[in-house]
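Quick note: the coordinates plus some simple rules give every number you see, no bench work behind them. Quantities reported herein were computed from a predicted structural model and do not represent experimental measurements. In this analysis, Cβ positions are derived from the backbone assuming ideal geometry, glycine residues included, and neighbour counts consider all displayed protein chains.
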Amino acid sequence: MNVDEPGYRQKVYDLVRQIPRGKVMTYGQIAVILGEGYTPRTVGYVMHAANAENVPWQRVINSQGACSTGKMTLPTNLQQDMLESEGIVFNEKGRCDLNKYLWTPEDLEVEEESHPDLLEP
């Protein structure tokens, strides 16, 4: 499957739409859940093109618990500001506590042994 195919993007957007307010997922976590053909980088590429009106793009962050869009959005730090308005707290280094805010779908059907580092904070 190609990253530019609508079905590829749709799978990412469908999963991201499930993330509850006040929770986040990481690019790598989404890639592992969606499986073969998805990487953290391609998930980021897809999220960069997300329609902000119907995909909560701000809820997808990097594996360090930080926003990767800081200097890419106007106003600067828009993503972090949006997440803070949902109740997510960031430290002085711009990171949130993934042990507290990371969300995993309840019906997750993925081989966790293959990538446990991407599924746990």
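Of the chymotrypsin sites (Phe, Trp or Tyr not before Pro) found in region 13-109, the ones in coil according to DSSP and having at most 16 other Cβ atoms within 10 Å of their Cβ are 103. Note on region 1-110: with charges restricted to the Cβ of Lys and Arg (+1) and Asp and Glu (-1), its dipole about the Cα centre is near 280 debye. Plainly put, region 6-106 has a radius of gyration that is 0.93 times its Kirkwood radius, both from alpha-carbon atoms, as the Rg/Rh ratio.
Summing charges over neighbours of residue 43, with a neighbour being any other residue whose Cβ is under 12 Å away from its Cβ, gives +3 when K and R count +1 and D and E count -1.
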